[in-house]
Amino acid sequence: MLVLGLETSCDETGVALYDSERGLLADALFSQIDLHCVYGGVVPELASRDHVKRMLPLLRQALDESGCTPEDIDGIAYTAGPGLVGALLVGASCAQALALAWGIPALGVHHMEGHLLAPMLEEQPPQFPFVALLVSGGHTQLVRVDGIGRYQALGESLDDAAGEAFDKTAKLLGLGYPGGPEIARLAQDGRPGRFVFPRPMTDRPGLDFSFSGLKTFALNTWQHCRASGDDGEQSRRDIALAFQQAVVETLTIKCRRALKQTGLARLVIAGGVSANQALRTTLEKMLGELNGRVFYARPRFCTDNGAMIAYAGCQRLLAGQQDGPSIQVHARWPMETLPAV
Ligand code: ATP
Ligand code: MG
Ligand code: FE
């Protein structure tokens with residue numbers, strides 16, 4: 001089955017073609033980062049308008065790249081939520097219009113299920129069951145995954161998502177958007193031990209997270225540096241490193257707990273923050289000690305993309321799921337409510 005995947009939940013327009021027999025055939029992507037970076041974050045209305053502009057050129061690009069024609073396509077998957085409603089509506093209406101014109105089924109896909117399944121596009125995909133750590137710009141969740149649509153929430157952030165904490169901390173240090181890659185780059189030359197940040201909520205049982213305090217801690221540290229005339233690049237690097245270490249160690253402690261609680265030895269990390277090299281290395285070391293394994297996608301498939309939506313949609317379309325003709329998107333959409341495949 002050949003599936004067209006459309007992603008428009010935030011500030012990336014993604015169009016991909018995934019075939020259940022031949023794998024990923026095309027993956028066209030346009031990032032709006034340059035459009036939003038002057039504002040220090042995503043401006044929803046600008047995002048929607050830009051998705052409209054990019055969608056059809058990217059579709060043509062994906063068809064060219066794959067050598068497929070519209071007649072070859074068996075179904076269309078699009079991100080139906082969670083995300084920015086205006087942005088989601090662009091993908092949903094394109095998908096429904098094309099499905100109607102081409103006489104094929106359309107299916108709305110959950111964006112976080114897309115992220116969660118992205119490592120399945122790699123050469124050595126994880127087997128079910130596993131524990132998944134979803135760490136993106138809007139979500140931080142630990143989930144027990146027994147199959148597609150068989151999700152049990154284990155813990156989540158009570159305030160900022162991990163990616164959001166990276167973005168906000170970068171902003172207050174005067175760095176660009178998105179903040180994750182910027183912090184990671186500065187942290188490479190940070191001096192360990194100069195600053196030590198807290199590891200929020202690790203001193204009590206449970207699998208929930210809280211990251212908003214780290215951003216405040218970074219702000220206070222930076223203001224203290226500036227007040228003492230120590231506001232050079234090295235202080236930024238030292239803060240970036242201390243912040244990143246705190247996030248990585250906090251996530252690692254909770255992952256270890258989740259693995260212990262579930263008795264599982266496979267960990268999947270997904271979402272934009274799973275591109276972070278320090279996080280990957282630290283989790284690999286932890287899983288090594290447990291005789292387990294950590295799985296993640298290539299960096300391009302950690303952040304938003306059409307390939308993960310095409311893949312997730314393909315699994316569900318193969319199982320016979322499809323939408324009715326109305327166009328529906330969800331700003332919020334709990335992943336546990338999805339049907340099992
Ligand atoms: P959601 O998926 O929750 O709706 P989103 O789609 O905006 O949110 P993603 O595209 O998955 O989020 O990821 C973007 C986030 O990942 C940003 O917060 C960004 O700073 C972060 N990020 C990207 N690369 C890295 C990195 N190398 N280190 C840390 N964070 C990173
Ligand atoms: Mg993005
Ligand atoms: Fe995302």
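The values are calculated or read from the model by the stated rules, or taken from the named source; none is laboratory data. This is a predicted model, so every value here is computed, not measured. Please note: Cβ atoms are built from the backbone with ideal geometry, for glycine as well, and neighbour counts cover all protein chains shown. We work out accessible area using only protein heavy atoms, side chains counted, and drop any ligands, DNA or RNA first. Shrake-Rupley method; radii C 1.70, N 1.55, O 1.52, S 1.80 Å.
For the range 128-296, what is the accessible area per residue in Å², given a 1.4 Å probe and the full set of protein chains?
43
Of Leu58, Val145, Gly91, which is farthest towards the positive pole of the chain's charge dipole, taken about the Cα centre with +1 and -1 on the beta-carbons of Lys, Arg and Asp, Glu respectively?
After comparing all options, I get Val145.
Express as a percent, rounded to the nearest 5, the fraction of DSSP beta bridges in the chain (both residues included) that run antiparallel. Don't skip to the answer; put the middle values down first.
Details: 26 of 43 bridges.
Expressed as a percentage, antiparallel bridges in the chain total about 60.
Give, to the nearest whole percent, the P(r) tail of the range 274-341 beyond 18 angstrom, counting all Cα pairs.
Roughly 61 percent, rounded to a whole number.
Give the total of Lys-Lys pairs in the chain with Cα-Cα distances below 20 Å; include a pair only if its members are 8 or more places apart or on different chains.
5
Please sort 133-139, 167-173 by packing, taking for each peptide the average over its residues of neighbouring beta carbons within 10 angstrom, highest first.
In descending order of packing, they fall as 133-139, 167-173.
Report, in whole Å, the centroid distance computed from the Cα atoms of the range 271-341 and the range 172-200.
That distance is 26 Å.
Using a basic spin-label model with each label point 7 Å from the Cα along Cα→Cβ, how many nm lie between Cys37 and Lys260?
Those two pseudo-labels are separated by 4.2 nm.
Ignoring ligands, DNA and RNA, what percent of the 1.4 Å accessible area of the range 30-106 is carbon and sulfur?
60
Can you bin every Cα-Cα distance in the range 11-93 into 5 Å intervals starting at zero and give me the percent of pairs per bin, rounded to whole numbers?
Using 5 Å bins, I get a P(r) of 3, 14, 23, 22, 17, 11, 6, 2, 0 for the range 11-93.
To the nearest 500 deg cm²/dmol, what mean residue ellipticity at 222 nm is calculated for the chain from DSSP H runs of n ≥ 4 alone, each contributing -39,500 (n - 2.57), summed and divided by the residues?
So the helix-based figure for the chain works out to -14000 deg cm²/dmol.
Given the peptides 41-54, 6-19, 219-232, arrange them by the average over their residues of other C-beta atoms within 10 Å, most packed first.
Highest to lowest by the protection proxy: 6-19, 41-54, 219-232.
Could you state the orientation-averaged shadow area of the convex hull built on the Cα atoms of the range 1-51, in nm² to one decimal? Could you put the intermediate results ahead of the total?
Values: hull surface 14.6 nm².
About 3.6 nm², averaged over all directions.
Mind listing P(r) for the chain? All alpha-carbon pairs, 20 Å bins, whole percents.
Pairs per bin, as whole percents: 32, 55, 12, 0.
Could you tell me what percent of the accessible area of the range 128-296 is made up of carbon and sulfur, with a 1.4 Å probe and every protein chain present?
48
How high is the relative contact order of the chain, in percent, with contacts defined as C-alpha pairs under 8 Å that are six or more residues apart?
For the chain, the relative contact order is 26 percent.
Run through all the Cα pairs of the range 148-289 and give the fraction in each 5 Å bin from 0, expressed as whole percent.
Histogramming the range 148-289 at 5 Å steps yields 2, 10, 19, 23, 19, 13, 8, 4, 2, 1, 0 percent.
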